[in-house]
Amino acid sequence: MNKPILNFDIVISGAGSIGLVTALLLAKRDLNIAIIDPKPENIITKVDDTRNIALMQPSLNVLKYLGIFDEFLSLSRPLRKLHIVDATNRLLRAPEVVFTAQEVGYDYFALNIPMGKILQTLCAQLPNHKNITTIFGNEIKHIEQRPKALEIELKDNTKLTSKLLIGADGRNSFARTSAKITTSTKTYPQTALGFAFKHTRDLGDTSVEFHRKNGPFTLIPMQNLSDSSQTSLVWSESNQMAAEIKQYPQEKIAVLIEKYTNGIVGEVTEIGFIAGFPLTNTNCSTYAQNRTILVGEAAHILPPIGAQGMNLGFQDAAIADELIGNVLNENSGSGADIGSDQMMQLYNQHRKTDISARGKATDLLNISLLSNLLPVQFARGLGLFMLQSSKFLRTSIMKKALHPLGKTPATMR
Ligand SMILES: Cc1cc2nc3c(=O)[nH]c(=O)nc-3n(C[C@H](O)[C@H](O)[C@H](O)COP(=O)(O)OP(=O)(O)OC[C@H]3O[C@@H](n4cnc5c(N)ncnc54)[C@H](O)[C@@H]3O)c2cc1C
């Protein structure tokens, strides 16, 4: 016997952090939502690395709106200062720059939260919403575009219809390919190593970014343990060096960290699992097309510089939610087509400037570190010198790093 066709307003493909936050935002509206992920539920919330994510104030406002902010506080660390140190050892070296949250009117810029905690807390909210159907351990096999909806077939032959597909299925997004959205990718000769370590001297609530000639080496303090401090590290190196470091014994890595941080962390005592992330910068031809909206890494992959990736994904989710809400408010009842071409254009318009600006900024910063050309080093040094000298420049850069360019959606304010 054929299985019945399941009808939804929105299908979200991918239950990573951004797919989950998108589902929880949209669940507050009168919409019937499905969220699909090939991983079974107990695997979705597991992460195989000790990555931590600095979630900035506007993203934290989304968690407050969802009523789950307090659940993150117990395991996170506030970041009140960002200290940039030129450790390139080149002829032209830039001055040190310190950004403080107080300069932009915040107590702290961001909370540094373990990735596993983010996924577990978001996932645990799903059963509280009767209008979310979870389809885990299954995935989309085929999508057919019809005038008023998409027909979606899953691997186990279940058939769904949906007015809108939200592609939150990460860097190799199937939703993106099936919506015929193309990508352009710049691959860097670097890998970012992400891991946590324990140490004896606390960093306070200050994140320190050492600019080394193979890329940034960023210390992000984590919540203190009773017996020691712990910090997450994002360490960009040449691909070959990164592969070698992964094979080093812990003691050798500890000595390198102590050396590269000029002793500010004291003695390094324990190193967590080291995950390697090849650095790429991927952008899309459009962020919405053929009843499909892209969010998170399905829409953009940035090098892990300046804690931009997931925060940008939160912006995608909040803006998609706000635009969908507007369409529902303007067209009550069956008149609302949340997957219309007009909706696609609107979402694209709202995202393209922000996403490409952040992609370009992280690219520029990364290549300015890699370049041996004196004029490039001079320009980078001059930029940092101007930031060091001018409070106005520092605060405007901080505001741009924290908030979406253009109108901030209500859930992020
Ligand atoms: C070392 C490191 C440090 C970082 N630090 C920060 C930081 O401090 N701040 C910050 O903002 N960002 C940071 N980032 C970036 C951040 O980690 C990413 O932007 C974010 O995790 C992307 O989330 P996502 O949900 O879009 O994608 P993913 O986490 O990749 O989730 C995608 C989901 O889609 C599912 N999926 C895959 N294929 C399919 C399919 N065919 N159908 C359905 N589902 C599918 C997967 O199972 C997964 O659950 C960092 C990145 C790195 C590498």
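So what are the radius of gyration and Dmax for the Cα set of the stretch 104-143, in Å?
Rg then Dmax for the stretch 104-143, in Å: 16.4, 49.
What list of ³J(HN,Hα) couplings, whole Hz, do you get for the stretch 188-195 from phi and the Karplus terms 6.51, -1.76, 1.60, once you set θ to phi - 60° and write x for glycine and proline?
Once rounded to whole Hz, the list reads 8, x, 10, 10, 9, 9, x, 6.
So what's the convex hull volume per residue for the Cα atoms of the stretch 205-331, in Å³? Write out the running numbers ahead of the final one.
Details: hull volume 20.1 nm³, N = 127.
Dividing the Cα hull volume of the stretch 205-331 by its residues yields 158 Å³.
At a 10 Å Cβ-Cβ cut-off, how would you order Phe273, Phe72, fewest neighbours first? Show your work: numbers first, answer last.
Numbers: Phe273 12, Phe72 19.
So the residues, fewest neighbours to most, are Phe273, Phe72.
Among Ser184, Ser162, Ser226, which one shows the highest mean-square fluctuation when the chain is modelled as a Gaussian network with alpha-carbon springs under 10 Å?
Judging by the Gaussian network model, the answer is Ser226.
Over all Cα pairs of the chain, how is the pair count split among 10 Å bins, expressed in % and running from 0 up to the last occupied bin?
Pair shares across the bins are 5, 22, 31, 25, 13, 5, 1, 0.
Distance check, please: which entries in Lys159/Lys407; Lys3/Lys130; Lys28/Lys81; Lys64/Lys352; Lys213/Lys407; Lys81/Lys246 exceed 31 angstrom between their Cα atoms? Kindly include the intermediate steps, with their values, before the conclusion.
Working: Lys159/Lys407 38 Å; Lys3/Lys130 22 Å; Lys28/Lys81 35 Å; Lys64/Lys352 26 Å; Lys213/Lys407 36 Å; Lys81/Lys246 29 Å.
With Cα atoms farther than 31 Å apart: Lys159/Lys407; Lys28/Lys81; Lys213/Lys407.
Would you mind working out the magnitude of the charge dipole of the stretch 207-363 relative to its Cα centre, with +1 at each Lys and Arg C-beta and -1 at each Asp and Glu C-beta, to the nearest 20 Debye?
On the way: 10 positive and 17 negative charges, 95 e Å.
The calculation lands at about 460 debye.
Based on the Cα gyration tensor of the stretch 118-228, what are the three equivalent ellipsoid semi-axes, each the root of five times an eigenvalue, rounded to whole Å and given largest first?
Details: eigenvalues 335, 104, 25 Å².
The three semi-axes for the stretch 118-228 are 41, 23, 11 Å.
Can you check how the C-alpha radius of gyration of the stretch 197-267 compares to 2.2 N^0.38 Å, as a plain ratio? Walk me through the numbers on the way to the answer.
Details: Rg = 12.2 Å, N = 71, 2.2 N^0.38 = 11.1 Å.
Its radius of gyration relative to the 2.2 N^0.38 Å reference: 1.09.
What percentages make up the Cα-Cα pair-distance distribution of the stretch 1-139 when the bins are 10 Å wide from 0?
For the stretch 1-139, the pair-distance distribution reads 10, 32, 27, 16, 10, 3, 1, 0.
Per the Cauchy relation, a quarter of the hull surface: what is the mean projected area of the convex hull of the alpha carbons in the stretch 144-185, in nm²?
Working: hull surface 13.8 nm².
Mean shadow area of the hull around the Cα atoms is 3.4 nm².
Every number in this text was worked out from the coordinates using simple rules, so none of it is lab data. None of these values were measured; they are calculated from a predicted model. Every residue, glycine as well, gets a Cβ built from its backbone with ideal geometry; the counts of neighbours run over all protein chains shown.
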